[in-house]
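Quick note: the coordinates plus some simple rules give every number you see, no bench work behind them. Remember, predicted model here, so these are calculated numbers, not experimental data. Cβ sites come from the backbone with ideal geometry, for glycine too, and all protein chains shown count toward neighbours.
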Amino acid sequence: MRRYRLLSNIVLSFLLEGEQRDFILSPDEGGALESDGQTVWYINKHGRHESITTANIIGVTVAQGLIEEVSS
């Protein structure tokens, strides 16, 4: 499992109450991302939330400088 720190706002999708909802995640919220290469989770003070966004978002946002990997 790899962990990532947000450096800028990003958008992830989640399935809530049977429908897809997109959320803008901000580094100011203090959350982090985790990925096992297939699934992306957003972790914050309210828990661990599984995103339905495909895991390739990690490579894309790292390349764009929006997130960075942190040591686990």
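Tally time: how many residues in segment 2-60 are in contact with a His (Cβ under 8 Å, 6 or more places away or on another chain) and either more than 20 Å from V70 (Cβ to Cβ) or in a helix (DSSP H, G or I) (or both)? Outline the logic, then answer.
Let us first name the residues in segment 2-60 that are in contact with a His (Cβ under 8 Å, 6 or more places away or on another chain), namely 14, 41-43.
Among the residues that remain, those that are also either more than 20 Å from V70 (Cβ to Cβ) or in a helix (DSSP H, G or I) (or both) are: 14.
Of the residues in that region, 1 qualify.
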Considering (1) surrounded by fewer than 17 Cβ atoms within 10 Å (Cβ to Cβ); (2) under 9 Å from the mean Cα position of the chain (by Cα), say which one L12 fails and leave the rest. (1)
